[in-house]
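The values are calculated or read from the model by the stated rules, or taken from the named source; none is laboratory data. From a predicted model like this one, the values you see are computed outputs, not experimental measurements. All Cβ positions, glycine included, derive from the backbone under ideal geometry; neighbour counts span all protein chains shown.
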Amino acid sequence: MSLAQYDQGTIYYEETGNGEPLILIHGVGLDHQMWEKQVKGLSKKYQVICYDMLGHGGSDNPPGPYSLSLYVRQLAGLLQHLQIDTCHVVGFSMGGMVAQAFALEFPEKIKTLTILNAVANRTEEQRKAILLRVEEVKKSGAGSTIEPAIQRWFNPDFLKANESFVNHIRKRLQRNNPHSYLAAYTLFATADQELWPRLSTIKLPTLIITGEHDVGSTPEMSMSMHQQIDHSELLIFPKMKHMLPAEDADSLNQAIDRFIKRNAVPAVR
């Protein structure tokens, strides 16, 4: 276990391997452990650092509301603690929003940016659906949303063949601090509106990935991000849903590694 102190509190993180620093940012309601297969594969080539976002896992759980700027400050604090000047950043789902916000605030610290199964510019219908889930969490707690999320995130065959892994994800969702989860989920439901008008100003080497059947972070959203970010690359994984890092880890790891190798140039100054 490793803890970093910064001006806003404490961050839980783990680092594995040697090489250029590679930061992995998990999704809402999850923690660093979702990256188990990425750590195992990518730490052979990189210094892989995964941490628990504010309000999640072993990191601090301050009262809400939360903002993207708080998550940006948290990541900046972690990099300062680790004395990392530049790194590669991979953000999954809500972590993809944090990665975008960090890239907008600190482009000089990022060598490559990978936006993985992330949301962008929700339609009115999509926004209503997520806000209804926020209201459900407010009224009934997160428990009622967990099983529907599991079904959205994983393919049926994976669910049957990987009960232990899926149960670990389920238990992680059940253990969340209810107030912190609601604050984080509310931000997740709205932050795409804040990011969308600024995406075109990202000039970093950027890889945008999602699954063909991801109903929350759709191929259409990834395509729209790709169109907004000049010289970005787009990759849609056939047959995959939301939990791509678990379901097709080897292919994803290879894609991230290839992208970094093609674009590992000095960060913008």
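For segment 193-208, the set of residues classified as closer than 17 Å to GLY95 by Cβ and in contact with a helix residue (DSSP H, G or I) (Cβ under 7 Å, 6 or more places away or on another chain) consists of GLU194, LEU195, LEU199, ILE202, LEU204, LEU207, ILE208, listed by residue number. Reported count of residues in segment 118-152, each being closer than 18 Å to ASP214 by Cα and in contact with a Ser or Thr (Cβ under 7 Å, 6 or more places away or on another chain), is 5.
Can you say whether MET53 is modelled with pLDDT under 95 and either hydrophobic (A, V, I, L, M, F, W, C) or exposed (fewer than 15 other Cβ atoms within 10 Å of the Cβ) (or both), as far as the supplied structure shows?
no
Applying the set (1) without any contact (Cβ under 8 Å) to a residue 12 or more places away in the chain; (2) in contact with an Asp or Glu (Cβ under 8 Å, 6 or more places away or on another chain); (3) of a type in the set (Asp, Glu) to GLU125 leaves exactly one unmet item: (2).
Restricting the search to helices (runs of 4 or more DSSP H) fully inside segment 147-259 and requiring at least 3 residues that are crowded, with 18+ Cβ neighbours inside 10 Å, of a type in the set (Ser, Thr, Tyr) and modelled with pLDDT of 95 or more gives 178-195. Applying a threshold of 6 Å to beta carbon distances and a minimum spacing of six or more residues, or different chains, the list of pairs starting in segment 17-29 at a residue that is under 20 Å from VAL72 (Cβ atoms) and ending at one that is in a loop (DSSP other than H, G, I, E, B) reads PRO21/ILE84; LEU22/TYR46; GLY27/SER93; GLY29/ASN176.
Tally time: how many residues in segment 109-125 are buried (at least 18 other Cβ atoms within 10 Å of the Cβ) and either among the hydroxyl-bearing types (Ser, Thr, Tyr) or at pLDDT below 95 (or both)?
Counting residues in segment 109-125 that are buried (at least 18 other Cβ atoms within 10 Å of the Cβ) and either among the hydroxyl-bearing types (Ser, Thr, Tyr) or at pLDDT below 95 (or both) gives 2.
Taking every residue in segment 221-242 that is under 18 Å from THR201 (Cβ atoms) and pairing it with any residue that is surrounded by fewer than 16 Cβ atoms within 10 Å (Cβ to Cβ), at least 6 positions away or on another chain, the pairs with Cβ-Cβ distances below 6 Å are GLN228/SER200.
Taken residue by residue, segment 19-40 has no member that is more than 21 Å from ASP250 (Cβ to Cβ), part of a loop (DSSP other than H, G, I, E, B) and over 16 Å from the mean Cα position of the chain (by Cα). Within segment 10-27, can you find the residues that are of a type outside the set (Ser, Thr, Tyr) and touching a Leu at 6+ places or on another chain (Cβ under 8 Å)? Result: ILE11, GLU15, GLY17, PRO21, LEU22, ILE23, ILE25. The residues in segment 50-72 that are in a loop (DSSP other than H, G, I, E, B), closer than 25 Å to HIS88 by Cβ and in contact with a His (Cβ under 8 Å, 6 or more places away or on another chain) can be counted, and the count is 4.
If the condition is being in a helix (DSSP H, G or I), in contact with a helix residue (DSSP H, G or I) (Cβ under 7 Å, 6 or more places away or on another chain) and either surrounded by fewer than 19 Cβ atoms within 10 Å (Cβ to Cβ) or not aliphatic (A, V, I, L, M) (or both), then segment 73-108 contributes GLN100, PHE102, LEU104, GLU105.
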